[in-house]
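Some notes on the structure that comes next.
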Amino acid sequence: MEIHFAFNDKHADMFETYCKPSIPSGLRVIEHRSNIESSAVYMKYGYMDIIREKMQLILDSLDSCDSNMPIIWSDTDVIFNPRYRRNFATSILSEFRNSKKSILYQREHAGNPTMICGGFFIAKKNDFTKNLYSYIQQSCANGDDKHDQDYINEFINSNADECQAHIGTLPLSYASASNGGFRAVNRCHLFHCNCTATIDEKISMMKNVKLKMIGR
């Protein structure tokens, strides 16, 4: 099963130092390295240019993947827990297939199970996922102050019946920082340091998560 990452030089060291070494066996890493310059700060210079490029990369990956095998897309500020590394691929694949959905997203907030995080998901190739990301790509091209996650959640809220059949969320053990998962790092399959705005903030949190997971 493929796992895809899109990033530029500002994120490369963080990815190589913290994320990549933790990636579980059974996942084939696909790196999409961007030449776009950015400040690497949330919603600042270059941020949306990279997001727009990423939306096209997601569409390309859905077009080229095997329709019988889902793919994973992940942000680079993710650490996978070594306690679950050996069985991670089979575990998340089982979660996905049992859900009968087209796409499973990480949850953004534990208190709001309908708000998803666009930075980590598993999806299969079908008309729904391709149409969803075509819509997101077109929306991101508008140049307003919203990003992909805003548009995904807006789409879910505006198309509730269709999305209920196709979109689901991963269990909270696939945690994000903004849903309070830091308190239970050792029980998480992975940890997404997504409530951070700068590279320094992300690296600081990733260091703490790595310490909690493996003690060094």
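Here, each number is a calculation from the coordinates, and none is a lab measurement. Remember, predicted model here, so these are calculated numbers, not experimental data. Don't worry about glycine lacking a Cβ; one is built from the backbone with ideal geometry, like all the others, and counts go over all protein chains shown.
Structural remarks
- FRET efficiency for the pair Ala141 and Lys212, taken as 1/(1 + (r/R0)^6) with r the Cβ-Cβ distance and R0 = 35 Å, rounds to 0.30.
- Taking every DSSP helix (H) stretch of at least 4 residues in the chain, weighting each as -39,500 (n - 2.57) and dividing the sum by the residue count yields a mean residue ellipticity at 222 nm of -12000 deg cm²/dmol.
- Considering only chymotrypsin sites (Phe, Trp or Tyr not before Pro) in DSSP loops that have at most 15 other Cβ atoms within 10 Å, the longest stretch of the chain without any of them is 46-216.
- Compactness of the chain, expressed as Rg and Dmax over alpha-carbon positions, Å: 16.1, 46
- Relative contact order [Cα under 8 Å, 6+ residues apart], the chain, whole percent: 24 percent
- Residue list for the range 151-175, given a label point 7 angstrom along the Cα-to-Cβ vector of Arg83 and an amide N cut-off under 20 Å: 170-175
- Pairs with C-alpha atoms separated by more than 18 Å, drawn from the list Lys20/Lys207; Lys10/Lys210; Lys54/Lys101; Lys124/Lys202; Lys20/Lys146; Lys10/Lys124, are Lys10/Lys210; Lys54/Lys101; Lys124/Lys202; Lys20/Lys146; Lys10/Lys124.
- Within the chain, percent of DSSP bridges classed antiparallel, to nearest 5: 50 percent
- Environment charge at Lys101 (Cβ cut-off 11 Å; Lys +1, Arg +1, Asp -1, Glu -1): +2
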